[in-house]
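The values are calculated or read from the model by the stated rules, or taken from the named source; none is laboratory data. What you are looking at is a predicted structure, and each value in this text was computed from that prediction instead of being measured. FYI the Cβ positions are ideal-geometry reconstructions off the backbone, even for glycines, and counts take in every protein chain you see.
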Amino acid sequence: MERAGGEVAGLDEAGRGPVLGPMVLCGVVVDGRGLEEMRRMGVRDSKLLPPARRERLASLILSLCRRAEVVELQPAEIDACLERGINLNELEAREFARILNVLKPRVAYLDSPDPRPDLFRRRLGRYLKAEVELVVENSADRRYTVVGAASILAKVRRDARLAELKKKYGELGSGYSHDPLTINFLRRWVEKHGDLPPFARRSWETCRRLREASP
């Protein structure tokens, strides 16, 4: 549980692993009263909530948080970073630090993508300009309500972007490589256009295999 008293920030992401669509990172700042209300309303890790519940809670979170910041990283930007040797952990650290530099909280709780949170904390430190006390842990989205709040906003934003793609291009599944709908969509697209769609992460192994298999 977060420390009592004062404002705290929580940061999390959605869409780190999919082959389609953006990765969304979010940070929220909440005071003690808002945090208690979020707990009462059942705010928690977005992965533990059905989509309709996430949508309702997202509106509540936005009404309760003092400040919020969302960053969307499009597939082309992710690919470009990976090509330059910037891995996903480094990319997340850079963008989370950018969010923290805007929000300027006193204390921030973050969900570490690295199995060694101390390494991720050091990555953050390379980009952080604001004076922030960092609490960086694995599974922080399940331990801290404020991180759960950030995870919900990030997930709802990513889902909205995926819905926009589906409306424009048709059924493309969840966007994850393990989803047959996603793989079928990509395969048909490559067969028709001779290349991957602009919202695919070309550096993912799934995309490389499909391009190599294309006649």
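Quick one: which of ILE99, ILE86 is within 14 Å of the chain's Cα centre (by Cα) and among the β-branched types (Val, Ile, Thr)?
Numbers: ILE86 fails: within 14 Å of the chain's Cα centre (by Cα).
Going through ILE99, ILE86 in turn, just one is within 14 Å of the chain's Cα centre (by Cα) and among the β-branched types (Val, Ile, Thr): ILE99.
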Which numbered condition ASN89 fails, given (1) buried (at least 18 other Cβ atoms within 10 Å of the Cβ); (2) within 23 Å of ILE152 (Cβ to Cβ); (3) not aliphatic (A, V, I, L, M): (1)
Single residue of ALA80, ALA14 found to be modelled with pLDDT of 95 or more, within 26 Å of TYR176 (Cα to Cα) and surrounded by fewer than 20 Cβ atoms within 10 Å (Cβ to Cβ): ALA80
Residues of region 186-215 satisfying the condition of being outside any helix (DSSP H, G or I) and in contact with a helix residue (DSSP H, G or I) (Cβ under 7 Å, 6 or more places away or on another chain): LEU196, PRO197, PHE199, ALA200, ARG201, ARG202, SER203, SER214
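What's the total number of residues in region 160-185 that are surrounded by 21 or more Cβ atoms within 10 Å (Cβ to Cβ) and either in the same structural domain as ALA52 (by TED's automatic domain parsing) or not in a helix (DSSP H, G or I) (or both)?
Residues of region 160-185 that are surrounded by 21 or more Cβ atoms within 10 Å (Cβ to Cβ), as a first pass: 172, 175, 182, 185.
Then drop every residue that is not either in the same structural domain as ALA52 (by TED's automatic domain parsing) or not in a helix (DSSP H, G or I) (or both), which leaves 172, 175.
Final tally of qualifying residues: 2.
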So, in region 19-55, exactly how many residues are among the basic types (Lys, Arg), crowded, with 19+ Cβ neighbours inside 10 Å and free of Cβ contacts under 8 Å to residues at least 40 places away in the same chain? 0
